[in-house]
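Below: one structure, written as structure tokens.
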Amino acid sequence: MDLLIRNLPFILQGLAMTLGLALATLFFATIVSFLLGTLATLRFGWLRVAVKVYVELFRDIPLIVNIFFVFFVAPLFGLELSPFAAVTVGLSVWGSANGIEIVRGGFNSVPRHQWQSAAALGLKTWEIYLFIAGPQALRAILPPFVGLLTLLVQATSLGALVGVNEFFKVGQIIVERTTMMEGWNPAFTVYAAVLLTYFVICSTLSWFGRWLERRLRRDRAQARPKAISAAEPAAQLP
Amino acid sequence: MEFDFAYLTAQWPALMRGLWLTVQVSALSIVLSILVGVLGAAVRVLQVPVLDKLVVGYVEFIRNTPLLAQLFFIFYGLPGLGLRLSLFWSGVLCLTLWAGAYQIENVRGGLETVGKGLREAAFSLGLSPWRFFRLVAAPMAIRVGLPSMLNTSISLLKNSSYLQAIGLAELTYVAIDRISMDFRTIEMFAAICVIYLLLVLTLSFLASRLEYRLNAPFRL
């Protein structure tokens, strides 16, 4: 407890860093996901294949390898990335690979007749995407995206491995410092506290995701008495 | 800096040793995590009084905390309780606990497709509970639950790379270690990316073959 009070400013800095990392990643991952995910639903076959390769590549390579790759390889091309930037890039690429599948699934869950009627009414493709399919797809996209955010928050802990002083790294430093300076090892308590903090943050987010899902489904059920239950996308694994 | 194949051939034995450790840790953890999954799912489905709440809590906890923090807690924190595990067994324990939580949900998802009506029908035909499980429930549950169980297993294989953080000399550790000594960054990353991709794609391929085989009786 004493340890906590003494290190409070430091811990708060770490939490802020984790939050910053998560938000930056979410921002970039969302942009890329929506861009590429939408492109993958268009009629161009080669584009679909290209996006598929991107998704498979970055989902199949372990996230850690991905982050180390950005961190170690970018400097070779004359790109001096700070650890923060390297982790943001690595996580965004991975997050967007998962996000693309969510967005694509969302657009695919919009019934065919919606697209056809919109086209029959003379709407242009971009108008269909923006005004007809988009809002409906968003209902299917939002809940899993909250789930993705939970995973991103968890994944920011990987920043510790390349030297970003985020929450997990702060815990690590406190353990080391106490062991060196005071001669006792608080690893058990500190890591338990770290786990608990992540648990509180992430389970709040998960809870929000579930609430959102129920909420959106209820709205849809009211609009259409016999709602077609869309296939639930399986929970993505980190 | 050009791509140096000779360097890779020289480092090949070290990489293979790392790969072997990765495969060992993953295979052991996959088997154990499926065991955890089956046991946990049984507890949930049979609604064992206190235990099922504990299982729910366990699943929620694992899902909502970073694997890296779990790993550090097990490797650095548990000795504080007098439980000191070797690198290898810390890794196995961590991956098993992590994947086990997901496997519980996967197995449970499979078991839930076996409806109450089916059970009543089986019992009224005079099947014993064990025969009901073996002849009716298990075949259905496995077909439904298997794809997600295999996905979790593949994720476990990828996540075995987390173990480099505590210094277990698996594939990623070997690569990073060599990079910090020789700075042949591109070669090493190319090598481990290809190895991981091959591993994951082979497993996915085997998984889809297995699904195909299992669903054979239902194809026209």
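The values are calculated or read from the model by the stated rules, or taken from the named source; none is laboratory data. Only a predicted model underlies this, so the values are computations on that prediction, with no experimental measurement involved. All Cβ positions, glycine included, derive from the backbone under ideal geometry; neighbour counts span all protein chains shown. Accessible surface is based on the protein model in full, side chains and every heavy atom, while ligands, DNA and RNA are left aside. Shrake-Rupley method; radii C 1.70, N 1.55, O 1.52, S 1.80 Å.
Just one of (1) farther than 26 Å from A:V162 by Cα; (2) surrounded by fewer than 20 Cβ atoms within 10 Å (Cβ to Cβ); (3) not hydrophobic (A, V, I, L, M, F, W, C) fails for B:S153. It is (2). Restricting the stretch B:175-187 to residues that are within 10 Å of chain A (Cβ to nearest Cβ) and surrounded by fewer than 16 Cβ atoms within 10 Å (Cβ to Cβ) leaves a set whose member that is farthest from the chain's Cα centre (by Cα) is B:F183. Taking each residue of the stretch B:191-218 that is open to solvent by less than 70 Å² (accessible area, probe 1.4 Å) and looking for partners that are among the hydrophobic types (A, V, I, L, M, F, W, C) and not in a helix (DSSP H, G or I) with beta-carbon atoms closer than 6 Å, six or more apart or interchain, yields B:C193/A:I61; B:Y196/A:I61.
Within the stretch B:56-86, being within 18 Å of the chain's Cα centre (by Cα) and either away from every other protein chain (no Cβ under 14 Å) or aromatic (F, W, Y) (or both) holds for B:Y58, B:F61. Of all residues in the stretch A:141-171, those satisfying the criterion of being surrounded by fewer than 24 Cβ atoms within 10 Å (Cβ to Cβ) and over 13 Å from the mean Cα position of the chain (by Cα) are A:L161, A:V162, A:G163, A:N165, A:K169, A:V170.
The criterion of at least 1 residues that are in contact (Cβ under 8 Å) with a residue 12 or more places away in the chain and surrounded by fewer than 16 Cβ atoms within 10 Å (Cβ to Cβ) is met by the following helices (runs of 4 or more DSSP H) wholly inside the stretch B:35-148: B:49-63, B:87-112, B:116-124. Scanning the stretch A:175-212 for residues that are open to solvent by less than 60 Å² (accessible area, probe 1.4 Å), more than 10 Å from chain B (Cβ to nearest Cβ) and either at pLDDT 90 or above or under 17 Å from the mean Cα position of the chain (by Cα) (or both) yields A:G209, A:L212.
A residue that is open to solvent by less than 10 Å² (accessible area, probe 1.4 Å), of a type outside the set (A, V, I, L, M), within 19 Å of the chain's Cα centre (by Cα) and away from chain B (no Cβ under 13 Å) occurs somewhere in the stretch A:106-124. When only residues in the stretch B:8-34 that are buried (at least 16 other Cβ atoms within 10 Å of the Cβ) and farther than 30 Å from B:V107 by Cβ count, which is nearest to the chain's Cα centre (by Cα)? Selected residue: B:G18. Evaluation of A:L21 against the conditions (1) open to solvent by 20 Å² or more (accessible area, probe 1.4 Å); (2) touching an Asp or Glu at 6+ places or on another chain (Cβ under 9 Å) shows that the sole unmet condition is (1). Would you check if A:F72 is within 14 Å of chain B (Cβ to nearest Cβ) and open to solvent by 30 Å² or more (accessible area, probe 1.4 Å)? Yes; evaluated as a whole, the condition is true for this residue. Among the numbered conditions (1) free of Cβ contacts under 8 Å to residues at least 24 places away in the same chain; (2) closer than 30 Å to B:Q164 by Cβ, the only one that A:R112 does not meet is (2). When restricted to residues that are without any contact (Cβ under 8 Å) to a residue 60 or more places away in the chain and assigned to a helix (DSSP H, G or I), the stretch A:1-16 contains 7. Quick one: would you say B:A190 is within 11 Å of another protein chain (Cβ to nearest Cβ) and more than 30 Å from B:R108 (Cβ to Cβ)? So B:A190 fits the description; yes. Here B:T172 does not fit the description of being within 12 Å of chain A (Cβ to nearest Cβ), over 30 Å from B:A10 (Cα atoms) and among the hydroxyl-bearing types (S, T, Y).
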